[in-house]
1. Consider Leu233 against the criteria (1) open to solvent by 10 Å² or more (accessible area, probe 1.4 Å); (2) at pLDDT 95 or above; (3) not acidic (Asp, Glu): it satisfies all of them except one. Which criterion is unmet?
2. Keeping to the range 237-265, report how many residues are assigned to a loop (DSSP other than H, G, I, E, B), surrounded by 13 or more Cβ atoms within 10 Å (Cβ to Cβ) and not small (Gly, Ala, Ser).
3. So, in the range 280-311, how many residues would count as being touching a residue at least 12 places away in the same chain (Cβ under 8 Å) and more than 26 Å from the chain's Cα centre (by Cα)?
4. Within the range 334-368, which residues are open to solvent by less than 10 Å² (accessible area, probe 1.4 Å) and within 23 Å of the chain's Cα centre (by Cα)?
5. Can you name every residue in the range 393-405 that is under 16 Å from Phe117 (Cα atoms) and open to solvent by 10 Å² or more (accessible area, probe 1.4 Å)?
6. Has the range 324-333 got at least one residue that is closer than 21 Å to Glu218 by Cα and out of contact with any helix residue (DSSP H, G or I) (no Cβ under 6 Å at 6 or more places or on another chain)?
7. Condition (residue is in contact (Cβ under 8 Å) with a residue 24 or more places away in the chain, under 33 Å from the mean Cα position of the chain (by Cα) and part of a helix (DSSP H, G or I)) applied to the range 193-215: is it met by at least one residue?
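The values are calculated or read from the model by the stated rules, or taken from the named source; none is laboratory data. Treat the numbers as computed from the prediction; the structure is a model and nothing was measured. Backbone-built Cβ (ideal geometry, glycine too); neighbour counts: all protein chains shown. Side chains are part of the model used for accessible areas, which takes the heavy atoms of the whole protein and leaves out ligands, DNA and RNA. Shrake-Rupley method; radii C 1.70, N 1.55, O 1.52, S 1.80 Å.
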Amino acid sequence: EGEAEAEWLQDAGLSDLLGDHASENDNIGLLSTLTKTQAAAVQRRLDTYSRSRRRKNKHPVRDVRDIFGVVSSEETAGGKEESSPNQLWHNLRTSSAQRKTQDYSCQVRNPGKEEMFNMDVAYSEQAAVLLKGSFLSETRRLKDGNTLTKFKIPKGRLGVTRIGDLSAQDMKKIPTLALIELTALCDVLGFELKRNKTVKLKTTEKRLFGVPLNTLLENDQKLLPNTKVPLLLQSLLSCLEKRGLETEGILRVSGSQTRIKSLEQKLERDFYTGLFRWDEVHQNDVSGLLKRFIRELPAPLLTAEYLPAFAAVQNIPDLKQRLQALNLLILILPEPNRNTLKALLEFLSKVVARENNNKMNLWNVSTVMAPNLFMHKGLPNKIPEGKEKQLAEGAADVVRMMIHYQDLLWTVSSFLVAQVRKLNESNNKKYQFYDKRIKNLLRKIHADKDKVEKNQAEPSKIVKVHASLLLKDSLEVHLNNATRVADVLRQFQKNLCQNGWNIVNTVNLLKCNNSMECSNLLLYEVGGNIGEHCLDPDTYLLDLYHINPHAEWIIKQNPSYPRMF
């Protein structure tokens, strides 16, 4: 007892709370962003860890009440003039950690109808409200993909953020926040978040099969910089997309094991030389190679640590809460695993779309692929007797959800983006929490608050939008409550065509019929309380300005569009 909690605190970015010299000062930024349910989840782990330390007759760790600033009635009655650092922190955090839960009750379930998927409020807070109101829904494990509930993410005034829209610097903060939120959600639902210990990867002399994802990508990036998905997997999927999507029983019908073994050896020898002939390989053999590649990874694609958590998602009765848990688990995955999984799921979605020809519907594909993702030779498989069919169907159900809802699952919730902003703001501020001159500190806080309130009161604003890689000029934009990102990009396009702006480099512009298409351009929010953020076209810019008044706005070409020379 206590070891799992210590490991959890380390993964959650709270390792400074461990040990004999635990200090919250290094974690103030992260802890100050937590919601009520998230703070409770952290406190439970600290409680368990503290009890474990005391049982082992070691020096007691700091009381959790010191960490979360809970002041006893006796201390309050003392009426000291100077506040301790912990009490001061408590006062600063009451708005985030101890605010009342608002009523965000979900609609009554109507299978077959479109349902809203709220990403503005922490999932654990939503679950706490549902639990309090006893909103229950039946388990939906249906084999017919057409009967799955359709979910829609309601776009707020700040738009929707997808994985890939945030800078690498900000994305590094997401997994720890997602882990804390997933733990809080499981606590509210009464589920144990099961995790395995990290697997020690065995070294191999091979270059492709049985090689860790990170190693594969490091080797591939020497050939093609910025490669995010292993080149072998890209080749396997490309070959199947070109000649296998129409093949009846693709993925289900096994190829020749002798041929597959021989092809593996040829790939190890000839893949990087470019001598391997994909057009000579039977499609069922290629699908066999694909499944072998996934199975042979030294660690599961869903990671050894979180594979039990992915498998346990099936036990959550409510479909929306299952998807919430899956969304957080995908955000926790290391970037190479997440990118590789996305490439695989996009291919599987294409297979399902050709169901009329290949006879592989969503449930067929999920059932075939689940063992390759959930059964791993490096992990013990303790399946209770008589539970084999139930667990197999449950794993297939999780794969089915990942295929069907992948666009939703690859979205970064608005509440997580807001927490990243708060974390950045906290890290940027120069407040000294050990300063006992509380009056000076509060004066600084109120001054900042007045600035924010002044910004939010402005009904309009004139800002400059830069496009330094495209133009020497900047665009002056008048913002009001109706101005969206798409409007600014259209205005930029219009000025580009009509005003004859001084173009820096025509190679950077993709032109069609002598005019620049708005879809080729993206607007980024850079700096302030965010690293870099690619904005949704439906983002209302005045609202964004109020949240991040110190950011720059920069227009760039969409990297997914090819450049014309």
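1. Only one criterion in (1) open to solvent by 10 Å² or more (accessible area, probe 1.4 Å); (2) at pLDDT 95 or above; (3) not acidic (Asp, Glu) is unmet by Leu233, namely (1).
2. To start, the set of residues in the range 237-265 that are assigned to a loop (DSSP other than H, G, I, E, B) comprises 244-256.
Filter again for surrounded by 13 or more Cβ atoms within 10 Å (Cβ to Cβ), leaving 244-245, 247, 249-256.
Subset that is not small (Gly, Ala, Ser): 245, 247, 250-253.
The qualifying residues number 6.
3. As a first pass, look at the range 280-311 and keep what is touching a residue at least 12 places away in the same chain (Cβ under 8 Å): 281-311.
Among the residues that remain, those that are also more than 26 Å from the chain's Cα centre (by Cα) are: 281-289, 292.
Going through the range 280-311 one residue at a time, the tally reaches 10.
4. Of the residues in the range 334-368, the ones open to solvent by less than 10 Å² (accessible area, probe 1.4 Å) are 340-341, 344-345, 347-348, 351, 358, 360, 365-366.
Answer for the range 334-368, where residues must be open to solvent by less than 10 Å² (accessible area, probe 1.4 Å) and within 23 Å of the chain's Cα centre (by Cα): Thr340, Leu341, Leu344, Leu345, Phe347, Leu348, Ser366.
5. Just the residues of the range 393-405 that are under 16 Å from Phe117 (Cα atoms), to begin with: 401-402, 404-405.
Correct list: His404, Tyr405.
6. Among the residues of the range 324-333, at least one is closer than 21 Å to Glu218 by Cα and out of contact with any helix residue (DSSP H, G or I) (no Cβ under 6 Å at 6 or more places or on another chain), which makes the answer yes.
7. First pass over the range 193-215, keeping only residues in contact (Cβ under 8 Å) with a residue 24 or more places away in the chain: 193-199, 201-202, 204, 206-214.
Cutting the leftovers down to under 33 Å from the mean Cα position of the chain (by Cα) gives us 193-199, 201-202, 204, 206-214.
Adding the requirement that they be part of a helix (DSSP H, G or I) leaves 213-214.
Yes.
Results for (1) surrounded by 13 or more Cβ atoms within 10 Å (Cβ to Cβ); (2) touching a Ser or Thr at 6+ places or on another chain (Cβ under 7 Å); (3) assigned to a helix (DSSP H, G or I); (4) modelled with pLDDT of 65 or more, shown as yes or no for each residue.
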{"site": "Leu391", "(1), (2), (3), (4)": "yes, no, yes, yes"}
{"site": "Gln419", "(1), (2), (3), (4)": "yes, yes, yes, yes"}
{"site": "Asn424", "(1), (2), (3), (4)": "yes, no, yes, yes"}
{"site": "Asn427", "(1), (2), (3), (4)": "no, no, yes, yes"}
{"site": "Tyr434", "(1), (2), (3), (4)": "no, no, no, no"}
{"site": "Arg443", "(1), (2), (3), (4)": "no, no, yes, no"}
{"site": "Glu453", "(1), (2), (3), (4)": "no, no, yes, no"}
{"site": "Val465", "(1), (2), (3), (4)": "yes, yes, no, yes"}
